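The values are calculated or read from the model by the stated rules, or taken from the named source; none is laboratory data. For clarity, every value in this text was computed on a predicted model and none was experimentally measured. Reconstructed Cβ throughout: ideal geometry from the backbone, glycine too, with neighbour counts over all protein chains shown. Just so you know, the surface numbers come from the protein's heavy atoms only, side chains and all, with ligands and any DNA or RNA stripped out. Shrake-Rupley method; radii C 1.70, N 1.55, O 1.52, S 1.80 Å.
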Amino acid sequence: MSPKRGLAIPRDANDATVRAGMHDVRVTNLGKIFWPQLRVTKGDLLQYYADVAAVLLPHLKDRAMVMKRYPHGIGGEFFFMKRTPQPQPEWLQTCRIVHGSGNAIDFPMINDVAALLWVINLGCIDLNQWYARCDDVDRPDYLHFDLDPGSAPFSVVREVALVVRDGLKGVGVPSYPKTSGSKGMHVYVPIVRGPTQKAVWTFAKAFAQTVASHYPALATAEYRVENRPRGRVLVDYNQNRWGATLASVYSVRPTPRATVSAPATWDEIESGCEIEDFRIDNMRERIAKVGDLWDPMVKNRGRFDLSHLIPELTPKDRKA
């Protein structure tokens, strides 16, 4: 589906109320510069998300959202927020998650354009959603690997991404890559919901360690920075731990060129794509040309049943 300009964020006002579907959303400080070198404003950021909402929302739907707020743009301080700030619109859906301490936190969910604009208006630049849907937060429907370059060049990140792809393919597992929009890449696997988060994490750890052992000159699975060899790409399985999040697909990142965490084809990775190829200023045109390359990530068909590779799962680890 291609993005279509529908909802327009006012360009001649600093504050406004916009109609998004059935709801009114108050947007503020639209003229504030979020990217000084690019002269990209908060209003421009809101317009980008409104324009790509049709392809973005299916990837966020029914998931708790961890907010990373940049109230003064990329040059200012940021802070994380989990609990939905008050006051909140009466129409905003939230997801209550009970943490190990017994503390229950109501996270916002982005299920429509109104909620998307409301969260971005808080000063969020990128979006960081839970890996499992709200009706069963302990059973993910995808697993992922964060390829963190450390001091390695992006060319090595691409090489490791292809190694990860081939390793997964070798055991019959489909995978979908995207640039992180920052320095690395993410490789995702859509899975049949069933195994618990701990079981998914355990598989991801074993796979990452196998990659590192077979390609020690390229990759590492050593999570502790002080023990990590320089020049190796970290195949970070630990992003599958309980409560961890990664920047969502189509998220703008707080980088100097306003790069986007963009889905890519494996052919593009083999051909040498770069982080800077995908930006806030060209992402809409790319979607219009190639559609949502990550559409398989939100489909029921084609998901991999990871339980086939985790024979030690007990009945308690499987969804009834």
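Just how much of Trp201 is accessible, in Å², when a 1.4 Å probe is used and the result is rounded to the nearest 10?
50
Once you list every other residue whose beta carbon is under 15 Å from the beta carbon of Tyr70, what net charge do they have if Lys and Arg are +1 and Asp and Glu are -1?
On the way: positive: Lys32, Lys42, Lys68, Arg69, Arg253; negative: Asp44, Glu77, Asp126.
Around Tyr70, the charge tally is +2.
With springs only between Cα atoms under 10 Å, which of Phe80, Phe154, Phe203 fluctuates most in a Gaussian network model of the chain?
Looking only at Phe80, Phe154, Phe203, the biggest GNM fluctuation is shown by Phe80.
How large is the charge dipole for region 167-294, taken about the Cα centre, if only the Cβ atoms of Lys, Arg (+1) and Asp, Glu (-1) carry charge, to the nearest 20 debye? Each step should come with its number before you reach the end.
Numbers: 17 positive and 12 negative charges, 98 e Å.
Around 480 debye, computed over region 167-294.
Using only the alpha carbons of region 218-262, what is the convex hull's orientation-averaged projected area in square nanometres?
Mean projected area for region 218-262: 4.5 nm², to one decimal.
Working from Cα positions, state the angle (0 to 90°, nearest 10) between the long axis of helix 42-60 and the longest principal axis of the chain.
40
Compute the projected area of the convex hull of the Cα atoms of region 148-260, averaged over all viewing directions, and report it in nm² to one decimal place.
7.5
Rounded to the nearest 500, what is the 222 nm mean residue ellipticity of the chain from helices alone, with -39500 (n - 2.57) per DSSP H run of 4+ residues and division by all residues?
Result for the chain, helices only: -7500 deg cm²/dmol.
Based on the Cβ-Cβ distance of Val192 and Val98, what FRET efficiency does E = 1/(1 + (r/R0)^6) give at R0 = 30 Å, to the nearest 0.05?
0.75
Run the dipole for region 47-197 about the Cα centre, Lys and Arg Cβ at +1, Asp and Glu Cβ at -1, nothing else charged, and hand back the magnitude in debye, nearest 20.
Here region 47-197 has a charge dipole of around 160 debye.
In the neighborhood of Ala221, defined by Cβ-to-Cβ distances under 9 Å, what is the net charge if each Lys or Arg adds +1 and each Asp or Glu adds -1?
Within the 9 Å Cβ shell, the charges total -1.
Return the distance in nm (one decimal) between the two label points of a simple spin-label model at Glu77 and Asn300, each offset 7 Å from Cα along Cα→Cβ.
Placing both labels 7 Å along Cα→Cβ, they lie 4.8 nm apart.
Keeping all protein chains in place and using 1.4 angstrom, which order do Leu30, Leu309, Leu7 fall into by accessible surface area, from largest down?
Leu309, Leu7, Leu30
Using a 1.4 angstrom probe on the protein heavy atoms only, line up Lys169, Lys68 by accessible area, largest first.
From most exposed to least exposed: Lys169, Lys68.
Which angle from 0 to 90°, rounded to the nearest 10, does the C-alpha axis of helix 154-170 make with the longest principal axis of the chain?
60
Report in % the part of the accessible area of the chain that belongs to carbon and sulfur, leaving out ligands and nucleic acids; probe 1.4 Å.
Heavy-atom surface of the chain belonging to carbon and sulfur, 1.4 Å probe: 50 percent.
Among the Cys residues of the chain, which have no other cysteine Cβ under 4.7 angstrom away?
Cys124, Cys273
Pairs Lys183/Lys299; Lys61/Lys205; Lys205/Lys289; Lys32/Lys198: which are spaced more than 31 Å apart, C-alpha to C-alpha?
Over 31 Å Cα-Cα: Lys205/Lys289; Lys32/Lys198.
Per residue, how much accessible area does the chain have with a 1.4 Å probe, in Å²?
Per residue, the chain has 45 Å² of solvent-accessible surface.
Under 10 Å, Cα contacts only: if you run a Gaussian network model on the chain, which one of Pro229, Pro108, Pro254 comes out with the highest mean-square fluctuation?
Pro229
Give me the base-10 log of I(q)/I(0) for the chain at each q in 0.11, 0.12, 0.13 Å⁻¹, Debye formula, one uniform scatterer per Cα, rounded to two decimals.
-0.70, -0.83, -0.98
log₁₀ I(q)/I(0) of region 1-105 at q = 0.21, 0.23, 0.24 Å⁻¹, via Debye over equal Cα point scatterers, no solvent, to two decimals?
Taken in order of the listed q values, log10 I(q)/I(0) reads -1.41, -1.50, -1.51.
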